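Visitor: First the structure, which I've put down as structure tokens, then a few questions once you've had a look.
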Amino acid sequence: MPASAIQSVAVLGATGSIGTSALDVVARHPDRLRASVLAAGRNVGALLDLCRAHRPDHAAIADPAGYQDLRDGLAAAGLATRAHAGMDAITELAAGDTCQTVVAAIVGAAGLDSTLAAARAGKRLLLANKESLVLAGELLMDAARDGGACIVPIDSEHNAIFQCLPEAGARDQEPGAGEGCGRHDGLLRIILTASGGPFRGRGRTELGDVTPAQAIAHPKWSMGPKISVDSATLMNKGLEVIEAHHLFGLPGERIDVLVHPQSLVHSLVEFIDGSTLAQLGLPDMRTALAVGFGWPQRIESGVAGLDLLAHGRLDFEAPDTDAFPCLRLAYAALAAGGTAPATLNAANEVAVSSFLQGRIGFLSIPALVEQTLAALPTAPAASLEALRDADARARDCATRLSSRIRAN
Ligand code: NAD
Ligand code: MG
């Protein structure tokens with residue numbers, strides 16, 4: 001891309017935590033970034049506010065019932081922004097000519113189609129929607145390679161690893177180089193750090209009656225409700241192990257997890273010569289997003305530098321998989337392969353949503369995921385249809401199990 005060109009950006013999940021952080025970075029660089037497409041789930045009011053601030057060419061709401069209000073609101077604001085509704089419209093915009101870069105920040109498996117479409121269309125893909133990698137990682141990485149897309153992971157850990165692997169930069173000088181994050185010679189293992197979430201240090205017996213409000217009060221990161229609960233159960237780290245497997249091509253045995261409560265070391269990479277590289281910074285996703293927009297250049301993110309003296313210490317401990325079995329379940333699903341990660345992800349989405357609605361307790365989240373994995377046989381992940389089928393079956397199964405828990 002010539003230095004003078006302005007990168008047009010689609011932000012999918014624009015009203016969420018990652019979406020608003022992405023737009024904050026975009027607004028800091030009017031000379032190089034412009035939001036051309038904004039898409040959200042159902043909050044028309046919040047989407048309209050963003051449209052007034054960023055004046056995109058297109059705005060899309062996934063919920064078809066929101067179309068009229070979106071169109072009228074855009075007209076009332078005197079904007080030329082075109083209104084769209086439905087997931088298909090979002091997917092079409094992700095692949096279309098109105099954006100060169102796509103920030104995939106829809107939460108859950110709902111983000112799969114648009115993420116895949118952006119990969120196939122060869123976009124620069126700032127990939128926050130980790131569930132799409134867990135559900136269909138091989139297909140997504142293949143689509144990115146075939147389409148010539150450059151994936152920059154927008155998960156603090158994977159973005160840290162991306163920054164620690166110079167090959168990632170050398171091979172992906174330009175979007176369209178088509179190597180994804182590449183494969184890396186001399187790489188021994190990856191160590192993902194985990195904050196441990198709000199319940200770090202508690203035993204299993206102390207987790208039975210924790211509330212959704214306690215679970216989403218993350219000590220270090222400000223995030224959407226689903227990923228906050230995932231952080232509290234350690235399922236987030238489990239999903240990230242599977243995410244790292246697909247992005248960096250390592251088996252589960254070479255991906256470790258280390259609890260690091262200060263959340264300043266975002267992950268580490270160990271090489272065969274005894275070197276370990278880490279990336280550090282304040283816990284603010286705008287750093288990862290700025291890496292994604294600017295790569296291989298560095299651009300300002302609005303995040304202050306790290307004053308290690310002020311923080312004083314960095315602690316590390318092993319994760320407790322007795323109290324937080326979701327991490328173990330995710331490793332097992334990765335080892336089982338095929339449709340198992342899709343089943344894990346779908347059962348977890350149902351369980352987290354039931355927990356957030358106050359219908360099941362915190363410890364029922366791992367129980368539901370484990371029982372769903374046990375109930376459904378793992379099949380080869382031969383096609384997108386097979387994965388969608390596994391996703392749908394797991395949702396049915398987990399929903400049934402959840403109502404049974406509720407009835408007891
Ligand atoms: P969030 O709940 O704050 O925002 C989710 C966004 O997705 C909203 O804009 C919502 O309108 C949109 N959305 C929800 N359902 C939709 C649907 N069916 N169709 C279209 N849009 C829909 O979530 P978040 O914390 O921003 O997380 C977004 C993604 O990024 C998740 O996959 C999460 O795991 C990942 N992620 C987030 C963080 C973080 O710091 N928040 C860090 C790493 C990865
Ligand atoms: Mg993360």
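Visitor: If I go through the range 339-361 residue by residue, how many of them are closer than 15 Å to Ala375 by Cα and either surrounded by fewer than 18 Cβ atoms within 10 Å (Cβ to Cβ) or at pLDDT below 95 (or both)?
Guide: 0
Visitor: On to the next question. Which one is nearest to ligand 1 (Cβ to nearest atom), of the residues in the range 33-66 that are under 17 Å from Thr98 (Cβ atoms) and touching a residue at least 60 places away in the same chain (Cβ under 8 Å)?
Guide: Filtering first and then ranking leaves Ala39.
Visitor: Using the structure shown, decide if Ile272 is under 30 Å from Ile6 (Cα atoms) and over 21 Å from the mean Cα position of the chain (by Cα).
Guide: Considered against the rule, which asks whether it is under 30 Å from Ile6 (Cα atoms) and over 21 Å from the mean Cα position of the chain (by Cα), Ile272 comes out as no.
Visitor: Hey, another quick one. Inside the range 97-129, can you point out the residues that are assigned to a loop (DSSP other than H, G, I, E, B) and touching a strand residue (DSSP E or B) at 6+ places or on another chain (Cβ under 8 Å)?
Guide: Thr98, Cys99, Gln100, Ala105, Ile106, Lys123, Ala128, Asn129 - these are the residues of the range 97-129 that are assigned to a loop (DSSP other than H, G, I, E, B) and touching a strand residue (DSSP E or B) at 6+ places or on another chain (Cβ under 8 Å).
Visitor: Looking for whichever is farther than 27 Å from Ala347 by Cα and buried (at least 19 other Cβ atoms within 10 Å of the Cβ) here; the options are Ala136, Ala117, Ala85. Which one fits?
Guide: It is Ala85.
Visitor: So, in the range 241-261, of the ones that are among the charged types (D, E, K, R) and under 18 Å from Ala160 (Cβ atoms), which residue ends up farthest from ligand 1 (Cβ to nearest atom)?
Guide: Arg254
Visitor: Do any residues in the range 187-199 that are more than 21 Å from Pro219 (Cβ to Cβ) have Cβ atoms under 8 Å from those of residues that are more than 13 Å from ligand 2 (Cβ to nearest atom) and of a type in the set (Lys, Arg), where the two are at least six apart or on different chains, and which pairs are they?
Guide: Close Cβ pairs (under 8 Å, with a partner that is more than 13 Å from ligand 2 (Cβ to nearest atom) and of a type in the set (Lys, Arg)) amount to Leu188/Arg254; Arg189/Arg254; Ile190/Arg254.
Visitor: Here's something else I'd like to know. Hey, could you check the range 116-161 for residues that are near ligand 1 (Cβ under 10 Å from one of its atoms) and acidic (Asp, Glu) and say which is nearest to Met87 (Cα to Cα)?
Guide: Out of the qualifying residues, it is Glu131.
Visitor: If you go through the range 229-240 one residue at a time, do you hit one that is surrounded by fewer than 22 Cβ atoms within 10 Å (Cβ to Cβ), more than 12 Å from ligand 1 (Cβ to nearest atom) and of a type in the set (Gly, Ala, Ser)?
Guide: No: the range 229-240 contains no residue that is surrounded by fewer than 22 Cβ atoms within 10 Å (Cβ to Cβ), more than 12 Å from ligand 1 (Cβ to nearest atom) and of a type in the set (Gly, Ala, Ser).
Visitor: Can you tell me how many residues within the range 107-136 are more than 16 Å from ligand 2 (Cβ to nearest atom) and within 13 Å of the chain's Cα centre (by Cα)?
Guide: 6
Visitor: I would also like to ask the following. Scan the range 159-179 and tell me whether some residue there is at pLDDT 95 or above and outside any helix (DSSP H, G or I).
Guide: no
The values are calculated or read from the model by the stated rules, or taken from the named source; none is laboratory data. Being a predicted model, the structure only gives us computed values, none of them experimental. Note: ideal-geometry Cβ built from the backbone for every residue, glycine included; neighbour counts use all protein chains shown.
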